[in-house]
Every structure is written in C-alpha cells, then in structure tokens.
1. Go through R127, R95 for me and flag whichever is touching a Pro at 6+ places or on another chain (Cβ under 6 Å) and on the phi < 0 side of the Ramachandran plot.
2. Name the residue that is farthest from A113 (Cα to Cα), counting only residues in segment 73-92 that are part of a helix (DSSP H, G or I) and not basic (K, R).
3. Give me a count of the residues in segment 47-61 that are open to solvent by 20 Å² or more (accessible area, probe 1.4 Å) and either in contact (Cβ under 8 Å) with a residue 60 or more places away in the chain or among the small types (G, A, S) (or both).
4. Could you tell me whether segment 69-86 includes any residue that is of a type in the set (A, V, I, L, M), under 21 Å from D26 (Cβ atoms), in contact (Cβ under 8 Å) with a residue 60 or more places away in the chain and crowded, with 16+ Cβ neighbours inside 10 Å?
5. It is to be established whether one or more residues within segment 55-71 are over 14 Å from F112 (Cβ atoms), within 14 Å of the chain's Cα centre (by Cα) and part of a loop (DSSP other than H, G, I, E, B).
6. Just need a number here: residues in segment 87-135 that are closer than 12 Å to S41 by Cα, open to solvent by less than 50 Å² (accessible area, probe 1.4 Å) and hydrophobic (A, V, I, L, M, F, W, C).
7. Of a type in the set (A, V, I, L, M) and touching a strand residue (DSSP E or B) at 6+ places or on another chain (Cβ under 6 Å), is that true of A133?
8. List the residue pairs whose Cβ atoms are under 7 Å apart, where the first residue sits in segment 113-126 and is in a helix (DSSP H, G or I), the second is of a type in the set (D, E), and the two are 6 or more positions apart or on different chains.
Amino acid sequence: FQKNPQVTFLLHGMETVRVEDVGMEDRIMPFLENYDNVYYSLDAAPIPFFYGPSSAQEFLARFTEEFPDLLDAAIKKWKSRIEAQPDKFLWGTDRLETWHFDVEVGGLLEEFARSFIGSLDKEAQERFAYKNAERLLEE
C-alpha cells in the first residue's frame, strides 16, 4: 500500500477467518486507518453461510430464521468500525452461485442490507451505502 500510493486497493473477503482468535475485521483496521489508498467492501460478510447452501430454498429457510440474530451480530461486529472510518467502507453485492440471483434471495439480501445500513449513524449511512463507491469510481 505504501509503495503504491497511486493505486486504490479495495480489500474484500475472508471476514470470518480467524487467525489466533483475531478476526479479519480487526486485522484490516490498521490498513484502513494508516493508508489513504485502502478501502474495504463488506458484502456478504455478515452471512457466514452464504456460500454453503445448495439452493435458494435452503438458504431462504435458514436466513429467514436467523435474520434477526445475523443482523444483531453484524451490527455488533461492524458498526463501530464503519463509523470510525466512514470513508473507507463500502457495501456491495457478492454473488456467485446461480441461486444467489433468485428474486426472493435478492429481496431478502436487500432487506438485510437496508436494515444494517439503517443502524449506522446518519453521517456514515450514505457513505457506506453508495457515496464511497461513487467517489472511488470517479478517481
């Protein structure tokens, strides 16, 4: 990051990996805090089983049941970090499997995203939801 200050780095993934009981969310914060050219895209991080189910129905059943707990956990884990660095985090979509594009899956993911973003301080909401992405695309 330091050797390439003209390059914008958008980090993503591995949110649930634990190294010596330190989550990736703690490992990325120093980069966000110390380098102007480093950003982080949260995407599907709050849904640890997003890539496990083999069908939309399987995912929807579990996600619907666990929605409130997953939302609470995401807020607890990410809210303070995002609000501490509101210009460095972005929300995105992270879809790979065919069933990820199912209309019901998309609707529930959107509801989750809006609920999560709505939990952030007003100052951070728009930045996280879209303004940071717009700014990076303009650079």
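The values are calculated or read from the model by the stated rules, or taken from the named source; none is laboratory data. All figures in this text were calculated on a predicted structure; none of them were measured in a lab. Note: ideal-geometry Cβ built from the backbone for every residue, glycine included; neighbour counts use all protein chains shown. These area figures cover heavy atoms from the full protein model, side chains too; ligands, DNA and RNA do not enter into them. Shrake-Rupley method; radii C 1.70, N 1.55, O 1.52, S 1.80 Å.
1. On the way: R95 fails: touching a Pro at 6+ places or on another chain (Cβ under 6 Å).
Testing whether each residue is touching a Pro at 6+ places or on another chain (Cβ under 6 Å) and on the phi < 0 side of the Ramachandran plot leaves just R127.
2. Our first condition is that a residue be part of a helix (DSSP H, G or I); within segment 73-92, this holds for 73-84.
Next, only the ones that are not basic (K, R) stay: 73-75, 78, 80, 82-84.
On the way: A73: 13, A74: 10, I75: 11, W78: 13, S80: 16, I82: 14, E83: 16, A84: 19 Å.
Within segment 73-92, the match that is farthest from A113 (Cα to Cα) is A84.
3. The initial filter retains those residues of segment 47-61 that are open to solvent by 20 Å² or more (accessible area, probe 1.4 Å), namely 48, 51-52, 54-55, 57-58, 60-61.
Pick out the ones that are also either in contact (Cβ under 8 Å) with a residue 60 or more places away in the chain or among the small types (G, A, S) (or both) and you get 52, 54-55, 61.
Counting residues in segment 47-61 that are open to solvent by 20 Å² or more (accessible area, probe 1.4 Å) and either in contact (Cβ under 8 Å) with a residue 60 or more places away in the chain or among the small types (G, A, S) (or both) gives 4.
4. No; the residues of segment 69-86 include none that is of a type in the set (A, V, I, L, M), under 21 Å from D26 (Cβ atoms), in contact (Cβ under 8 Å) with a residue 60 or more places away in the chain and crowded, with 16+ Cβ neighbours inside 10 Å.
5. Just the residues of segment 55-71 that are over 14 Å from F112 (Cβ atoms), to begin with: 55-58, 61.
Going one step further and asking which of them are within 14 Å of the chain's Cα centre (by Cα), we end up with none.
No, because not a single residue in segment 55-71 is over 14 Å from F112 (Cβ atoms), within 14 Å of the chain's Cα centre (by Cα) and part of a loop (DSSP other than H, G, I, E, B).
6. The qualifying residues number 5.
7. yes
8. A124/E83
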